[in-house]
1. Just a yes or no: is a residue in the range 287-298 under 26 Å from LEU404 (Cβ atoms) and aromatic (Phe, Trp, Tyr)?
2. Hand me the list of strands (runs of 3 or more DSSP E) wholly inside the range 104-217 holding 3 or more residues that are over 25 Å from ASP400 (Cβ atoms) and touching a strand residue (DSSP E or B) at 6+ places or on another chain (Cβ under 9 Å).
3. Mind listing just one residue for me: the one in the range 343-356 that is in contact with a helix residue (DSSP H, G or I) (Cβ under 6 Å, 6 or more places away or on another chain) and part of a helix (DSSP H, G or I) and, of those, nearest to SER118 (Cα to Cα)?
4. Picking from THR356, THR289, THR293, which residue would you name as being in contact with a Gly (Cβ under 8 Å, 6 or more places away or on another chain) and either over 29 Å from ASP198 (Cβ atoms) or not acidic (Asp, Glu) (or both)?
5. From the list ILE162, ILE97, exactly one residue is touching a residue at least 60 places away in the same chain (Cβ under 8 Å), among the β-branched types (Val, Ile, Thr), outside the structural domain of VAL408 (by TED's automatic domain parsing) and out of contact with any His (no Cβ under 6 Å at 6 or more places or on another chain). Which is it?
6. Might you let me know whether the range 3-13 holds any residue that is modelled with pLDDT under 55 and surrounded by fewer than 15 Cβ atoms within 10 Å (Cβ to Cβ)?
7. Tell me which residues, restricted to the range 103-135, are buried (at least 17 other Cβ atoms within 10 Å of the Cβ), hydrophobic (A, V, I, L, M, F, W, C) and under 16 Å from the mean Cα position of the chain (by Cα).
8. Going by the conditions given, is GLU206 of a type in the set (Asp, Glu), assigned by TED's automatic domain parsing to the domain that holds LYS119 and more than 22 Å from the chain's Cα centre (by Cα)?
Amino acid sequence: VFTVDDVEKLCSFLLERIERGFGNEVMARVEQGKYRPSKKLMDHVSRVIKGKSEYVLLDEQLVVYDTVLQAAKKGFHDKQQTVVIIKGGPGTGKSVIAINLMADLLQQGYNAHYATGSKAFTETLRKIIGSRGSVQFKYFNSYTGAQKREIDVLICDEAHRIRETSNNRFTAKAKQSNLPQVQELLDVSKVAVFFIDDNQIVRPNEIGSVAYLQRYAKENHCRVFEFELEAQFRCAGSDAFVNWVSNTLGIKRTANVLLDRDEEFDFKIFDDVNEMEQAIRKKAEEGFTARMTAGFCWSWSDPDENGNLADDVVIGDFKRPWDAKPDARKLAPGIPKASLWAHDPNGINQIGCIYTAQGFEFDYVGVIFGNDLMYNFTTQQWEGRPENSADKMVKRSKEDFVDLVKNVYRVLLTRGMKGCYVYFIDKETEKFVRSRIENS
């Protein structure tokens, strides 16, 4: 027994017994060892996910699900890596499959990770899962310097948000990578699963696309499986609204030129933004999930010294704040962090931008359609107006500006499962959209 006064005796005692170990060898084994979560931890995460799951997988989704599980089984002894690419538009259940896969892979003992390019989406998942399981939920840029094939299955949700490199302005020089981000994702996994929608790229530095993934999978001699999801979970279970939005915005030609008023999906255009907000708040009071969103046409201010948000979004007498900035350190009580805006009930008091709304769904969504994208009846074309945009990065991308902003509004308009309410800043644009609605 040693007391507080016997420090030197304790040191001598320990040195006599452990000084001639294989310390360097042991340390090397620790540093190079592969992390695998405990069975208890994996069971915990699986139970939480399964407890939150509200959907039963459809036939087309089960095919994807089974393919990934079979690939995981082969991954233990198969030298050839497997890549699974799942394409699907808004509301086709990409994240539903991804979450269910994550639960079952962990339950079966696989070291599975769930990665996204969205801080809001990843932090919301971590909050739901709890701190015990958050280590399994990461970002695309979390794998710089990781060991090859360290993870059995890497699920990459919203893979259209993959960037050219994992380096950013906060990356220390010693930790910077010279590899493309997608290569890091492939290197770290035995099976890589990518859920993607090419038409949800909303920033110029997001380069994930089906063709991009195919190219790297081929260069790495991977076995590739591709699937396309079509069945709708969102928009009242009908793909008609999503297809109509894509067609109306000139993103993709579909058979849905006119929106059928008889659809169960509740789509309304409001003449007054205050009335639209009241309608959204009423839905929330009735127990539905509901949020207000807008195109990025207003500046995004920092909170004041007390953590209060400025009323940046101003339309006549309508004045509301954006959601909090991601780097906001101090926020007043009742204001959620940006990453939790979609999950926190108090999020209804702020306007969500594309970067906090993407990846989430609500029962009802209100969209303020700004004047950064306007329809010109003379040219019969959509025209981008960078001078009306407050998104500095997108504004600099002159060649891609129109396509990026179209994608922004496609994403915002398709966040609702039961309904979408819209207010247009530009009345000519509103007139055009109304012309695409039957009996409008």
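The values are calculated or read from the model by the stated rules, or taken from the named source; none is laboratory data. Keep in mind that this is a model prediction, so the values were computed, not measured. With ideal geometry, Cβ positions are generated from the backbone for all residues, glycine too; neighbour counts draw on all protein chains shown.
1. The initial filter retains those residues of the range 287-298 that are under 26 Å from LEU404 (Cβ atoms), namely 291-298.
Then drop every residue that is not aromatic (Phe, Trp, Tyr), which leaves 296, 298.
Yes, some residue in the range 287-298 is under 26 Å from LEU404 (Cβ atoms) and aromatic (Phe, Trp, Tyr).
2. By residue number, 112-116, 151-156, 189-196.
3. Among those that are in contact with a helix residue (DSSP H, G or I) (Cβ under 6 Å, 6 or more places away or on another chain) and part of a helix (DSSP H, G or I), it is THR356.
4. The match here is THR293.
5. Only one candidate qualifies: ILE97.
6. no
7. Of everything in the range 103-135, those that are buried (at least 17 other Cβ atoms within 10 Å of the Cβ), hydrophobic (A, V, I, L, M, F, W, C) and under 16 Å from the mean Cα position of the chain (by Cα) turn out to be ALA115, ALA120, PHE121, LEU125.
8. Numbers: of a type in the set (Asp, Glu): yes; assigned by TED's automatic domain parsing to the domain that holds LYS119: yes; more than 22 Å from the chain's Cα centre (by Cα): no.
So GLU206 fails the test.
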